[in-house]
Amino acid sequence: MELSRHTQGGVTVIALDGSLDSGTAPGAQEDLERLMADGQAIVLDMSRMSYMSSAGLRILLLVHRRTEEDGTKVALASVPAEIRAVMEATGFLDFFEVCDTVDDGVEVLT
Amino acid sequence: MTGGPQTRLLDERIDSYATHQISGFPVRPGRPLPFGAARVQGGVNFSVYSTHATGVTLVLFQRGEGQPMAELPFPPSFRIGGVYAMTVFGLDPEAIEYAYRIDGPFDPAAGHRFDPHKVLLDPYARLMYGRESWGTASRYPDSAPYRAGIAYDDFDWEGDRPLCLPSRDLIIYEAHVRGFTRHPSSGVRHPGTYAGLVEKIPYLRDLGINCIELMPVFEFDELDNPRRDSVHGQHLYNYWGYNTLAFFAPKAGYAATGLHGMQVDEFKNMVKQLHRAGIEVVLDVVFNHSAEGDERGPTLSFRGLDNCTYYMLTPDGRYYNFSGTGNTLNCNHPVVRGFILDCLRYWAAEFHIDGFRFDLAAILGRSPDGTVLPNPPVIEQLAHDPVLRDCKLIAEAWDAVGLYQVGHFPDYRRWSEWNGRYREGVRRFLKSDMGITGELAMRMSGSADLYRTRGPAASVNFITSHDGFTLRDLVSYNEKHNDANGEGNLDGDYSNYSWNCGVEGPADDPVVRALRDRQVRNAFLILLTSWGIPMLVAGDEVGRSQLGNNNAYCHDGELSWLDWNLVRENSDLFRFVRCAIAFRLAHPALRQIKHHDAEDLPERWFPAVSWHGTMAWEPDWASHNRLVAAMFYAFDGTSHDCVYVAANSYWEELDVELPRLPADAAWRQFADTSAMPPLDVHEPGREPMLTGQSHASVAPRSALALVAGHVRSSNTFHPEERELWPSMPRCG
């Protein structure tokens with residue numbers, strides 16, 4: 001799992017690339033927390049994610065809960081259909097603001 | 001003292017390091033409890049019971065691989081008593097599957113059937129691999145068809161707790177997870193799954209039920225049925241799932257996310273969403289037998305782990321078959337008792353399950369040699385368990401060899417029962433049998449002959465269940481038509497007490513069709529006005545048919561799925577049932593907790609239940625009579641609640657004299673099953689006044705329900721005012 005970060009319209013956009021599973025989740029969690037440290041609103045660009053396991057869902061929710069405590073807003077953008085279906089069926093999607101595109105996400109958060 | 005460093009210190013365990021290397025894996029002696037596989041710091045703890053084994057081996061697989069990646073024999077020092085426990089470090093719980101190989105004597109006469117060549121499923125498996133996708137052949141070799149997985153036990157419940165609805169208020173809806181939404185007409189995004197069921201919650205709310213009873217959801221193999229449909233030649237299924245493989249594992253094939261191993265999360269989300277809608281979740285659990293069958297069946301789990309502990313065996317080591325499926329679980333063996341208790345506690349605590357319905361529960365009352373016990377330990381233990389205290393416990397109080405305990409199941413003031421006598425009594429009345437009015441009266445008033453000391457809520461009243469005809473078929477077929485089940489129509493119950501209304505099967509004759517419509521309404525009206533807990537079967541509220549098949553356990557298709565087009569086609573019937581449910585919930589007189597009057601207050605108008613005939617206060621129990629009229633009454637100190645129900649199974653119209661009400665009260669008509677929709681039923685609280693207050697006519701084979709309302713009140717009650725209704729003046 002590769003993570004990259006850029007700023008768009010005052011919003012931090014973090015792109016997740018690859019598979020988020022028990023093997024990659026601990027590293028991804030560390031990276032996410034580091035990249036999100038500045039308290040800016042965040043869009044997670046998931047367009048290049050290939051897979052999300054149970055561990056991945058949990059990391060995402062943990063990060064979300066932590067940012068909630070700080071008052072930081074998070075949106076998910078460009079969630080691939082299969083991952084979206086999994087998140088929907090398990091109810092994890094209900095916790096998040098979900099947008100079709102990164103641009104939509106930036107707009108919602110600003 | 002507080003602070004981060006100390007918290008951090010406590011996060012570290014001083015035993016999280018290996019003491020041995022086995023087959024290349026760092027391990028240490030594990031903790032014997034809890035049984036199963038549990039995440040521990042740095043690894044996974046495995047614990048399994050076998051008291052007669054001579055050797056136990058942990059078999060590890062990479063997720064999805066056919067052959068094991070490693071086999072780790074438990075050293076003798078890793079055994080405590082009859083429990084083998086080992087912590088294995090460095091495992092990724094998400095990436096592995098596990099099983100056991102058990103060595104020991106193969107001596108059937110002594111009850112032992114160990115076979116070290118078999119790879120066995122952990123009975124405590126929280127996830128099962130091998131049946132992830134419904135109906136698809138397993139990718140695993142026969143040598144290791146099913147494996148266990150390690151589930152996450154964390155979940156964000158967002159404050160959800162079991163609902164703890166009072167039993168007397170329950171309206172149970174029996175459903176099959178797959179059949180409920182698998183039909184293409186369901187329109188859900190995830191057909192046939194837990195997630196699909198969530199999408200239909202608005203429908204359940206609209207109908208008004210407050211408890212869904214799910215047919216078996218523990219892992220089973222739907223492909224273990226060897227039979228073929230002799231009519232169409234198709235492979236038959238074990239669709240219902242009364243053949244449990246893994247009692248702690250929700251069925252992955254019912255999960256939209258089963259291929260990803262996320263069935264636990266998906267199941268928990270379903271429970272959370274149902275609870276949000278005010279709907280309890282009861283599970284149909286099958287502890288009377290397992291999927292291993294008799295001597296000829298496969299060795300998958302219990303048989304190879306410790307045959308004579310888990311199964312009831314004859315003195316020469318063969319299987320007792322009280323379940324009709326080949327074997328019988330040894331439910332009153334202390335180890336098996338512990339297993340059942342662990343399992344139900346897990347579902348109650350971990351999945352927030354509100355109650356359990358026990359399949360062939362009479363078997364829970366048998367000792368290891370089959371003797372019927374007066375004080376069965378497992379039944380008593382479940383009744384008094386602290387974790388299960390608020391769970392509904394419902395017994396199917398019979399077994400497959402004639403032990404019939406309806407009315408005398410050992411209840412410990414906790415258990416309720418599927419009331420089989422209610423089913424038979426109402427069916428016989430509906431088909432106009434003679435001499436059945438007294439029986440119907442007893443059943444409608446909570447079966448005091450069976451449950452006087454326990455109260456009406458001990459009686460789960462039902463006319464149909466998954467097992468037998470659907471309600472539509474009950475009024476459309478005299479005989480069962482099970483030819484498609486592959487057994488020459490020899491399977492299924494012969495005692496259906498059904499009547500086809502003159503034509504066997506589908507009918508074009510509008511008279512026959514109208515009569516069937518009325519009979520279905522009669523059944524619902526009797527069910528939903530009777531004391532006790534009503535249970536209806538998913539689809540009956542919209543006239544679902546199984547074409548006369550009364551044992552559709554083996555069909556995964558149109559025959560067994562709910563066709564949602566029926567909701568539109570039979571919207572009148574749906575409306576009738578919806579109103580009858582709302583009517584029940586609006587009237588405490590129909591939901592008594594005791595059979596006798598609570599208090600003998602002088603203000604009371606009437607007894608809690610009274611019987612009438614063509615003349616008020618003069619019931620006629622003669623064998624040729626086919627009219628039953630009941631008046632149910634409740635008084636809470638301020639409000640009077642009074643409902644009158646007349647059911648006529650005679651083929652002529654009858655005029656009935658109505659009980660006289662106090663001056664300020666008047667009879668209003670809730671339902672008349674002989675009236676054409678929409679006049680067959682009225683929204684509760686908006687019932688029109690009856691024109692004649694002293695008499696009413698009850699049409700042939702029909703039922704009438706009246707409610708005592710205020711004489712001057714208009715018909716403008718709103719549904720949201722239901723709780724206030726009926727608010728009646730005090731008498732005198």
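Throughout, read-outs are computed from the coordinates displayed, never taken from laboratory work. The shown structure was predicted, so the numbers you read here are calculated from the model rather than taken from an experiment. When we count neighbours, we look across all protein chains shown, and the Cβ atoms used for this are built from the backbone with ideal geometry, even at glycine.
Among rounded, prolate and oblate, which fits segment A:2-109 when a ≥ b ≥ c are the square roots of the eigenvalues of its C-alpha gyration tensor, a/c under 1.5 means rounded, and a/b larger than b/c means prolate?
Details: a/c = 1.40, a/b = 1.22, b/c = 1.15.
Rounded.
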Whole-percent pair-distance distribution, where bins are 5 Å wide, for the alpha carbons of segment B:557-664: 2, 10, 15, 16, 16, 14, 10, 8, 6, 2, 1, 0
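Contact order normalised by length for segment B:599-721, with contacts defined as Cα pairs under 8 Å and 6 or more residues apart; what percent is it? If you can, show how the numbers build up before the last one.
Numbers: 246 pairs, mean separation 31.1, N = 123.
Reported relative contact order: 25 percent.
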Simple label model, 7 Å out from Cα along Cβ direction - A:Glu2 to B:Met434, nm: 8.8
For chain B: relative contact order, % (alpha-carbon pairs under 8 angstrom, 6 or more apart): 10
Electrostatic dipole magnitude of segment B:599-721 [Cβ: Lys, Arg +1; Asp, Glu -1; Cα centre; debye, to 20]: 220
Residue-wise HN-Hα coupling along segment B:48-62, computed from phi with Karplus coefficients 6.51, -1.76, 1.60 (Hz; x: Gly, Pro): 9, 9, 7, 8, 9, 5, 9, x, 10, 10, 7, 10, 10, 10, 5
Average beta-carbon neighbours from other chains, 10 Å sphere, peptide A:80-92: 6
Inter-label distance for B:Asp154 and B:Leu547, nm, one decimal - labels placed 7 Å from Cα along Cα-to-Cβ: 5.1
Segment A:2-109, relative contact order [Cα under 8 Å, separation at least 6], %: 28
Bins of 20 Å from zero: percent of alpha-carbon pairs in chain B: 17, 47, 27, 9, 0
Label-point separation, B:Asp385 to B:Gln67 (7 Å along Cα→Cβ), nm: 4.2
Span-like helix ranges in chain B, DSSP H, alpha carbon extent 18 angstrom or more, Kyte mean at least -0.5: B:334-351, B:510-529, B:571-586
Potential extension, B:Glu350-B:Ser138 segment - 0.36 nm per residue separation minus Cα distance: 73.5 nm
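Count the net charge of all other residues whose Cβ sits under 14 Å from the Cβ of B:Glu71, scoring Lys and Arg as +1 and Asp and Glu as -1. Don't skip to the end; give the middle numbers.
Values: positive: B:Arg101, B:Lys118, B:Arg147; negative: B:Glu65, B:Glu97, B:Asp103.
With Lys, Arg at +1 and Asp, Glu at -1, the net is 0.
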Principal axis box of the protein assembly as shown, alpha-carbon based, largest edge first, Å: 87, 78, 61
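Taking neighbour counts of Cβ atoms within 10 Å as a proxy for exposure, in what order, fewest first, do B:Met689, B:Met615, B:Met535, A:Met49 appear?
Result, fewest neighbours first: B:Met615, B:Met689, A:Met49, B:Met535.
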Above-threshold pairs, the threshold being 25 Å between Cα atoms, out of B:Lys272/B:Lys392; A:Lys73/B:Lys200; B:Lys251/B:Lys480; B:Lys200/B:Lys251; B:Lys431/B:Lys594: A:Lys73/B:Lys200; B:Lys251/B:Lys480; B:Lys431/B:Lys594
Net +/- balance of residues flanking B:Val177 in space, Cβ distance below 13 Å, scoring K and R +1, D and E -1: -4
Exercise: per-residue mean of other protein chain Cβ atoms within 10 Å, B:194-200: 2
Among B:Ala195, A:Leu57, B:Ala383 - extreme Cα towards positive end, dipole of the protein assembly as shown, charges at beta-carbon: B:Ala383
Segment A:39-78: C-alpha gyration tensor shape, a/c 1.5 cut-off, then a/b vs b/c: oblate
Inter-part distance where segment A:17-53 and segment B:110-134 are each reduced to a Cα centre, Å: 37
Cα gyration tensor, segment B:599-721 - rounded (a/c under 1.5), prolate or oblate: oblate
Segment B:313-361 - Rg (one decimal) and Dmax (whole number), Cα, Å: 13.6, 42
